[in-house]
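A short worksheet on the structure shown next.
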Amino acid sequence: MSMNHILSGMDISASGLTGERLRMEVAANNIANQHSTRTAQGGPYQRQQVTFSAELDQIMGAGGRVTRRGAGIPQELRGVTVVGVTSDPSPGESIYDPGHPDADATGHVQQSNVNLSREMVDLVTASRAYEANLKSLETFRQMAEQALSLLRGSR
């Protein structure tokens with residue numbers, strides 16, 4: 001494995017760390033706003049969700065044509081990128097609370113669409129993915145140190 005591949009692997013892990021950290025922050029923000037019935041846009045808080053996209057580079061052949069290996073077009077992995085953070089448009093629960101300042105004419109208050117169980121699952125899976133990317137990054141660092149150690153010893 002060349003040093004370039006080791007650094008590429010480190011970049012992939014680093015992009016995963018960045019993405020999963022944002023996912024944890026968004027889940028924590030959703031939990032914090034679970035009971036918000038009024039936002040600056042009006043209406044209850046809407047759950048936010050992170051959208052990822054795989055970063056791929058096509059390997060170009062001679063003359064700028066895409067080369068083919070096997071049945072598919074070869075692509076080199078580059079990690080993930082965050083496409084955006086979007087609102088979940090699904091409606092929240094409506095509860096009867098005529099004394100609430102955000103109650104409508106029938107006494108119902110529209111709640112946020114945040115589901116604590118779903119947010120906790122998202123938080124745990126994002127945390128585990130973050131840990132896996134961190135471990136991968138540590139492994140790549142150890143491999144680079146061993147390669148440098150071997151190069152120093154061969155002189």
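If a residue must be over 12 Å from the mean Cα position of the chain (by Cα) and modelled with pLDDT of 90 or more, how many such residues does the stretch 49-65 contain?
Adding up the residues that qualify gives 0.
Quick check, is Thr51 among the β-branched types (Val, Ile, Thr) and in a loop (DSSP other than H, G, I, E, B)?
no
Yes or no, residue by residue, for (1) among the hydroxyl-bearing types (Ser, Thr, Tyr); (2) crowded, with 20+ Cβ neighbours inside 10 Å; (3) over 30 Å from Val109 (Cα atoms); (4) at pLDDT 90 or above:
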| residue | (1), (2), (3), (4) |
| --- | --- |
| Ser8 | yes, no, yes, no |
| Gly19 | no, yes, yes, yes |
| His35 | no, no, no, yes |
| Thr39 | yes, no, no, yes |
| Gly43 | no, no, no, yes |
| Arg47 | no, yes, no, yes |
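Looking at Ala129, Ala147 in this structure, which one is of a type in the set (Gly, Ala, Ser), over 17 Å from Gly92 (Cβ atoms) and in contact with an Asp or Glu (Cβ under 7 Å, 6 or more places away or on another chain)?
Ala129
What are the residues in the stretch 99-155 that are of a type in the set (Gly, Ala, Ser), outside any helix (DSSP H, G or I) and touching a residue at least 24 places away in the same chain (Cβ under 8 Å), if any?
Ser112 - this is the single residue of the stretch 99-155 that is of a type in the set (Gly, Ala, Ser), outside any helix (DSSP H, G or I) and touching a residue at least 24 places away in the same chain (Cβ under 8 Å).
Return the residues of the stretch 98-155 that are over 14 Å from the mean Cα position of the chain (by Cα) and among the charged types (D, E, K, R); say none if nothing qualifies.
Hits for the stretch 98-155 are Asp102, Asp104, Arg118, Lys135, Glu138, Arg141, Glu145, Arg152, Arg155.
The values are calculated or read from the model by the stated rules, or taken from the named source; none is laboratory data. Everything numeric in this text was worked out from a predicted model, so none of it was measured. Methodologically, a virtual Cβ is constructed for each residue, glycine included, from the backbone with ideal geometry; neighbour enumeration extends over all protein chains shown.
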